[in-house]
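The structure appears right after this line, and notes come after that.
The values are calculated or read from the model by the stated rules, or taken from the named source; none is laboratory data. On a predicted model such as this, the values are computed, not experimentally measured, just so you know. Please note: Cβ atoms are built from the backbone with ideal geometry, for glycine as well, and neighbour counts cover all protein chains shown.
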Number of protein chains: 2
Amino acid sequence: MNIGEVAARAGLPAKTIRYYEDIGLIKPPRDTNGYRAFGEVELHKLAFLARARALGFRIEDCRDLLRLYEDEARSSAEVRAIAQQHLDRIAKKIADLEEMRNTLSDLVDACAGDQRPDCPILASLSKYPV
Amino acid sequence: MNIGEVAARAGLPAKTIRYYEDIGLIKPPRDTNGYRAFGEVELHKLAFLARARALGFRIEDCRDLLRLYEDEARSSAEVRAIAQQHLDRIAKKIADLEEMRNTLSDLVDACAGDQRPDCPILASLSKYPV
DNA sequence: CTTGACCTTCCAGTCACTGGAATCCCTATA
DNA sequence: TATAGGGATTCCAGTGACTGGAAGGTCAAG
């Protein structure tokens, strides 16, 4: 299987797959012509990576998850710890974004949005508590 | 006012202020010794930028907001449009993150987190619909 | 005169790709 | 057999918004 086919099947751009090889996430063998030759195992790993990335896991987490996945002697606690940490980070991000959204939403609501220059958004940004 | 003081008062690292000068957001004059010499106007701008960035506005949005802030002939509609776009992006991000959080949260709940290798998190990542 | 805190510039690294250039390989058709 | 195309390869550079660090200049206090 060449990179184009495996990319289509794993749902990842070919560029990304080359990048994953660069950083050592996968190690596909090469054909005599120098093309990467992907088997089902490689494809499976790439699909795994695509799903982990879609859940927002960082690359280094993906590396660890992949390692654990291939380690028969893993404990589910290790996997769970990675996921829990990631969950915490996501919750924090959501909280931060929600605060931004609330503030911004109030400001946008308060702004007339017409041709006059007066604007509570700018007023809020420029209020000067220094 | 040197960069250290203005940094403390605006709540931005000195590095960031130098970076903002690099990309043309501010243009503080220089003392004879080559030090940046900040006045109240510069400080005000930096505080503005710090607040805009804290609301998650991108640098290019900040540049536009600053320009509008200084433009007496602005219309509040322009400002509102920028904020509304940003709000939309934030809402999208929140929605994406919430979807991740829900999925992850289910998986973490389903995982025993003990020393056994069986793990629904890995199972979900490796299920193979290709 | 020295010390230490501050300032300067410049370069490299972050994260996870992504775009593009230059070149090579394979297959099919005229 | 020539060629055209589509796909593969590598390598370099850029993204956003900083951040760390090195190497060196400046200033005020003791």
(request) Return the residue satisfying two criteria in turn: it lies in the stretch B:5-45 and is of a type in the set (Gly, Ala, Ser) and over 22 Å from the mean Cα position of the chain (by Cα), and of such residues it is farthest from A:Ala123 (Cα to Cα). (result) B:Gly34
(request) Among the residues of the stretch B:110-127, write down those that are under 13 Å from A:Ser75 (Cα atoms) and at the interface with chain A (Cβ under 7 Å from one of its Cβ atoms). (result) B:Cys111, B:Ala112, B:Gly113, B:Asp114, B:Gln115, B:Arg116, B:Pro117, B:Asp118, B:Cys119, B:Ile121, B:Leu122
(request) Scan the stretch B:55-71 and give yes if some residue there is in contact with a Pro (Cβ under 9 Å, 6 or more places away or on another chain) and either outside any helix (DSSP H, G or I) or within 12 Å of DNA strand D (Cβ to nearest atom) (or both), otherwise no. (result) yes
(request) From (1) hydrophobic (A, V, I, L, M, F, W, C); (2) under 28 Å from B:Arg89 (Cα atoms); (3) without any contact (Cβ under 8 Å) to a residue 40 or more places away in the chain, pick out the condition that doesn't hold for A:Ala50. (result) (3)
(message) Suppose the filter is more than 26 Å from A:Val79 (Cα to Cα) and either touching a residue at least 60 places away in the same chain (Cβ under 8 Å) or surrounded by fewer than 16 Cβ atoms within 10 Å (Cβ to Cβ) (or both); does A:Tyr19 pass it?
(response) no
(message) Quick check on the stretch B:20-45: of everything there that is aromatic (Phe, Trp, Tyr) and not in a helix (DSSP H, G or I), which residue is farthest from DNA strand C (Cβ to nearest atom)?
(response) B:Phe38
(message) Residues to consider are A:Arg30, A:Arg18, A:Arg67; find the one that is under 23 Å from B:Pro117 (Cα atoms) and either modelled with pLDDT of 95 or more or within 10 Å of chain B (Cβ to nearest Cβ) (or both).
(response) A:Arg67
(message) Quick check on my filter: what residues within the stretch B:46-82 are within 16 Å of DNA strand C (Cβ to nearest atom) and over 15 Å from A:Ser124 (Cβ atoms)?
(response) B:Leu46, B:Arg58, B:Ile59
(request) Can you confirm whether the stretch A:86-97 contains a residue that is within 21 Å of B:Arg80 (Cβ to Cβ) and surrounded by 13 or more Cβ atoms within 10 Å (Cβ to Cβ)? (result) yes
(request) Being in contact with an Asp or Glu (Cβ under 9 Å, 6 or more places away or on another chain) and more than 8 Å from chain B (Cβ to nearest Cβ) is the filter here, so list the residues in the stretch A:82-109 that pass it. (result) A:Ile82, A:Gln85
(message) Here are the criteria: (1) within 11 Å of another protein chain (Cβ to nearest Cβ); (2) more than 25 Å from B:Asn102 (Cβ to Cβ); (3) surrounded by fewer than 18 Cβ atoms within 10 Å (Cβ to Cβ). Tell me which single one A:Leu43 does not satisfy.
(response) (3)
(request) Check A:Val79 against each of (1) more than 8 Å from chain B (Cβ to nearest Cβ); (2) under 24 Å from the mean Cα position of the chain (by Cα) and name the one condition it does not meet. (result) (1)
(request) Those residues that are among the acidic types (Asp, Glu) and within 27 Å of A:Lys93 (Cα to Cα), I need them from the stretch B:53-72; list them, please. (result) B:Glu60, B:Asp61, B:Asp64
